[in-house]
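Next up is a structure, given as structure tokens.
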Ligand SMILES: [Zn+2]
């Protein structure tokens, strides 16, 4: 038995099943992911809040699958991506050059859109919804998405705070509440008020290792009787592979591969989600080039499936 605290996702429902509550403490996952990206300050908070959001939304998936959040912005950061499964696996990214360019300064951000893609366990697309981001605030945009696209009564609050002195996220987590038909509207406004005034900073553990989810749950339970159904641990995870790297590289096309081959050295690629480093050897580049030439000769480009985009988590080439 270990007494170390662990990131958790907790699902509960109310007595008469009129209310569903999901709590998430993703502090360590967000710390580890933002450290891998060398994200500090506001960028780390954005990663933390999108990680918590993806985990909360994934808790709604029936069975296995993945939720992908794609926040599009303009300004110093152009996009924030986070993927999560209902059982607590999560990954997230902000483009590398933008993280390094932002440093610990508060970036200038203009909200654009939020795209939410749901995949089944085989990676097939179940649904996709796009809404305007109502502000650069992750909680507000997520709540707007839930009300617009999921046709239900939802409230969501995520929060992450970076500690400059300790050079890491102090906490990252959030709460999702869904009311089912029959839930008293007056009670719903109490739920909304509770979430709007919720400061997760008040639930940081004394040892600084994450959030006191139990205390948060009790606070909620004092007003709305709940039973905990399930608890999952959270873990950073990225399903990238050498195969996906080669696929991404082949999207360079014949000319791109040819100039890469002529450099006569192995290509270095980093997964943009988990920063794992891949090397592609000269013979592998030649193999891809031969394939590209064959396809060109056969004139089959038009019949090829779409090139893998970054949404598939394809690693990008980086020097
Ligand atoms: Zn990866």
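Full-extension gain between residue 291 and residue 135, please, as 0.36 nm times their residue separation minus the C-alpha to C-alpha distance. Please list the in-between numbers first.
Numbers: separation 156, 0.36 × 156 = 56.16 nm, distance 4.54 nm.
Stretched fully, the residue 291-residue 135 segment lengthens by 51.6 nm.
Relative to the longest principal axis of the C-alpha atoms of the chain, give the angle of the C-alpha long axis of helix 27-36, reported between 0 and 90° and rounded to the nearest 10°.
20 degrees
Taking 0.36 nm per residue of separation and subtracting the Cα-Cα distance, what length does fully extending residue 180 through residue 241 add? Write out the running numbers ahead of the final one.
Working: separation 61, 0.36 × 61 = 21.96 nm, distance 4.09 nm.
This chain segment gains 17.9 nm when fully extended.
Among 29, 215, 84, which one shows the biggest mean-square fluctuation in a GNM of the chain, springs joining Cα atoms closer than 10 Å?
Answer for the Gaussian network model of the chain: 215.
Let me ask you something else. With n ≥ 4 as the cut-off for DSSP H runs, can you work out [θ] at 222 nm for the chain, using -39500 (n - 2.57) per run divided by the number of residues, rounded to the nearest 500? Provide the component values of the computation, followed by the final result.
Working: 9 runs with 104 residues, N = 319.
That comes out to -10000 deg cm²/dmol.
Further question on the same structure: At 0.36 nm per residue, and after removing the present C-alpha to C-alpha distance, how many nm does the segment from residue 227 to residue 192 gain when stretched out fully? Write out the running numbers ahead of the final one.
Details: separation 35, 0.36 × 35 = 12.60 nm, distance 2.00 nm.
Going from the current span to full extension adds 10.6 nm.
With everything on Cα atoms, drop me the angle between helix 253-262 and the longest principal axis of the chain, reported from 0 to 90° to the nearest 10.
That works out to roughly 70 degrees.
I need the peptides 181-193, 276-288, 253-265 ranked by packing, meaning the mean over residues of other C-beta atoms within 10 angstrom, with the highest value on top.
276-288, 253-265, 181-193
Apply the a/c threshold of 1.5 to the C-alpha gyration tensor of the range 1-125 and tell me whether it is rounded, prolate or oblate.
Details: a/c = 2.00, a/b = 1.49, b/c = 1.35.
The shape class here is prolate.
If you don't mind, there's one more thing I want to ask. Return a whole-number percent for the relative contact order of the chain, with Cα pairs under 8 Å and 6 or more residues apart as the contact set.
Working: 663 pairs, mean separation 66.1, N = 319.
Rounded, it is 21 percent for the chain.
Over the range 1-122, what is the relative contact order in percent, taking alpha-carbon pairs closer than 8 angstrom and at least six residues apart?
Details: 235 pairs, mean separation 30.7, N = 122.
Normalised by residue count, the contact order of the range 1-122 is 25 percent.
Of all beta bridges DSSP finds with both residues in the range 8-236, what is the antiparallel percent, to the nearest 5? Write out the running numbers ahead of the final one.
Details: 60 of 62 bridges.
Once the DSSP bridges in the range 8-236 are tallied, antiparallel ones form about 95 percent.
FYI, it's all coordinate maths here, none of it is from the lab. Keep in mind the model is a prediction, meaning the values are calculated, not measured. Note that we place each Cβ from the backbone using ideal geometry, even for glycine, and neighbour counts take in every protein chain shown.
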